[in-house]
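Comments concern the structure below.
Bear in mind that the values in this text are calculations on the coordinates, not laboratory data. Note that this is a predicted model, so its numbers are computed, not measured. All Cβ positions, glycine included, derive from the backbone under ideal geometry; neighbour counts span all protein chains shown.
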Amino acid sequence: MNNLIGKNLTAGYGGVDIIKDINLEVNEGEIVVIVGPNGAGKSTAMKALLGMLSLTSGSVEYSNKEISSMLPQNRINLGLAFVPQTNNVFTGMTVEENLEMGGFLREDDIIHTINDVYDLFPILKEKRNQSAGELSGGQRQQVAFGRALMTKPKILMLDEPTAGVSPIVMDELFSRIIEVRKTGVGILMVEQNAKQALGIADRGYVLVNGKNSREGSGEELLNNPEVRKSFLGG
Amino acid sequence: MIDFLNSIIVLLNFIIIPGISYGSQLALGALGVTFVYAILRFANFAHGEIMSFGAMITILFTWFFQSQNIGLGILPTALLALPIGIIATIILCIISDKFVFQYYRYQKSVPVVLAMVSIGVMFVINAIIRIIIGTETIKFSDGQKFIMKAKQFKVMTGLNEGLALKSSQVITILITILLLTFTFWFLQKTKTGKSMRAFSDNEDLALLSGINPDRVVFITWVIVGVLACVAGTLYGLDKSYKPIIYLNLVLPIFASAIVGGIGSPFGAVVGGYVIAFSEIMVTYAYKKFFVYILPSSLEPSGLVQLLSTDYKFAVSFSILVIVLLIRPSGIFKGRVL
């Protein structure tokens, strides 16, 4: 089974460590959510897992293989995928071209994967020849999501997939995320909408001030009075 | 009616045909500038010299072929030497990238630093060219000079005005059509072309998709080399080759790229023709045209020329300034391929 494990991660920008000694794990076929207050280092932790910033200490393992010094591009090749929070589509290219670029590294025929993405997001099939920059926020997120799925990843990392979309679109995106999990993909996501995200999560991590504060199943965290009080709005 | 036809021929002969052929040369030049800007994110002021270098190599091999009595019959020998010029220009581009631009790219220097660096590259190439081929005007077109001479046309049609069609003009237009078609096909239809557009659109996301930046940069220089060498050679073939002219050409080329929207390939092509036609139309003496089209009582006494041809470059400079003031993003909102 494929899994991605971050052990004792310490990392940050410009010499200042934002995350300190964090442990994270995501396995194939599960949804793991990282929640926490603003500035807790949620996105930073995810970027550290992908190698977009260098670690001060700690290590990243993928399927029992140490990948801490690997370039992000090479980790993509291994089976990781990442959807950034912003600027996550090629605005000047059509929806279909966005998907093709997602599958850039694939040597085999990607048309089946494109069709799988269209099955998952039917609206994208309709808009396949429209440029991604002209789409609504929710549709753009779907393109970004679909682009990341083109490599047939084993572990998919989503940085706030529902940022700036309406509650209806959010529910829609979450149900798609559940569908993707059914195909065996492990999903690690950072979410502002913690309540809804923990509702669909198998497990969750609470980060506070760059440190692991709590972890448990989605339900446990949802029902934990302290977690509720601190940032689930009571 | 005859007068009207004559006036049309005057326009065709002195404005439209020269405009299309000069416009094509600018379009190819501007397209090269736009490629560097869209992918490498800096204004490459060395582009004029790269064109000049390509033309120079082509001329050297044209001379070689002429000395060996190898030719293309009615076509200029330069066409035979052009592929060698192209390869040399590509090598020049890649060498200047490896030894100069790459360093600043890895340092993540700001675009203005790279633009200044390109001025340095410009001076170096400029000096190399002067050492090798000198500063004199060189005419290197051979083969059949005209497809149709003015006299032939007059005899053929019985009109007062002649229409001359130089082979270099026709060759320019044909090669431009061919090269533009190929470039746009490449960008829109091939995987590599799309990856270049993706890289230009969103560099971070391109990296996340596994697009190799070094490969994109390499292919960009190959395309820039081809475009620059062809543009430079066609310009030299059509007018004549003189190193200083290529230094001056940088202005209309940048004006073309910016007017069309720098970074937009389609914009660069349109900009090329806009600048070429503006230069020619503003500096052409319309007296002859009005003599045909107006009744004799209204015949103009002067040359009816807005500006002397010496002000050619002032025209492209003015257009450049106006566009930058009114619509800095250019006609087609450039930035990405």
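Computed from backbone phi, the HN-Hα couplings of region B:163-168 come to 10, 9, 10, 7, 4, 4 Hz, rounded to whole numbers (Karplus: 6.51 cos²θ - 1.76 cosθ + 1.60, θ = phi - 60°; Gly and Pro given as x). Its relative contact order, with pairs defined as Cα atoms under 8 Å and 6+ residues apart, puts chain A at 28 percent.
The fewest-to-most ranking of A:M70, B:M122, B:M116 by surrounding Cβ atoms within 10 Å reads B:M116, A:M70, B:M122. Under 5 Å between amide hydrogens, built in the peptide plane, is the criterion, and for A:F82 it picks out A:M157 among residues at least 5 positions away or on other chains.
Just so you know, the averaged projected area of the alpha carbon convex hull for region A:1-136 sits at 9.9 nm². Beta bridges from DSSP with both residues in the protein assembly as shown: antiparallel share about 60 percent, rounded to the nearest 5. 3J(HN,Hα) along region A:118-126, derived from phi through the Karplus expression 6.51 cos²θ - 1.76 cosθ + 1.60 where θ = phi - 60°, amounts to 5, 5, 6, 10, x, 4, 5, 5, 4 Hz, with x in place of Gly and Pro.
If you wrap region B:2-326 in the convex hull of its Cα atoms and look at it from every side, the mean projected area works out to 19.1 nm².
If you average 1/r over every pair of different alpha-carbon atoms in region B:194-337 and take one over that average, what Kirkwood value in Å do you get? Let's see the in-between values first.
Working: mean 1/r = 0.0560 Å⁻¹.
The answer is 17.9 Å.
Under the combined filter of DSSP loop state and at most 10 neighbouring Cβ atoms within 10 Å, region B:61-112 retains these trypsin sites (Lys or Arg not before Pro): B:K108.
Which of rounded, prolate, oblate describes the protein assembly as shown, given a ≥ b ≥ c as roots of the alpha-carbon gyration tensor eigenvalues and a/c under 1.5 marking rounded, otherwise prolate only if a/b is larger than b/c? Prolate, since a/c reaches 1.5 and a/b exceeds b/c. Calculated mean residue ellipticity, 222 nm, chain A: -10500 deg cm²/dmol, from DSSP H runs (n ≥ 4) at -39500 (n - 2.57) each, averaged per residue and rounded to 500.
Spatially, region B:1-20 and region B:55-115 are offset by 36 Å when compared through their Cα centroids. Taking amide hydrogens as placed 1.01 Å from N in the peptide plane, the amide H of A:T94 sits under 5 Å from those of A:A132, each at least 5 positions away in sequence or on another chain. For B:L72, the residues 5 or more places off, or on other chains, whose built amide H falls under 5 Å of its own are B:T77.
Measuring how big region A:75-234 is from its alpha-carbon positions, Rg and Dmax come out at 16.4, 50 Å. Eigen-decomposition of the gyration tensor built on the alpha-carbon atoms of region A:88-135 gives equivalent ellipsoid semi-axes of 17, 14, 7 angstrom, largest listed first.
Report relative contact order for chain B in percent, whole number only (criteria: Cα-Cα under 8 Å, sequence separation at least 6).
Numbers: 562 pairs, mean separation 107.4, N = 337.
This gives 32 percent for chain B.
What's the FRET efficiency of B:S329 with A:N223 using the Cβ-Cβ distance as r and R₀ = 51 Å, to the nearest 0.05? After rounding, the FRET efficiency stands at 0.45.
Structural descriptor for region B:160-297: relative contact order 13 percent, calculated from alpha carbon pairs under 8 angstrom and at least 6 residues apart. Please give the residues of region A:49-81, grouped as numeric ranges, whose backbone N is less than 11 Å from a label point set 7 Å along the Cα-to-Cβ vector of A:N8. Zone members listed by number: A:57-59.
Students often get this wrong: which residues of region A:1-31 have the backbone nitrogen under 14 Å from the point 7 angstrom along Cα-to-C-beta of A:K65? Within reach of a label on A:K65, which here means backbone N under 14 Å from a point 7 Å along Cα→Cβ, region A:1-31 contributes A:1-5.
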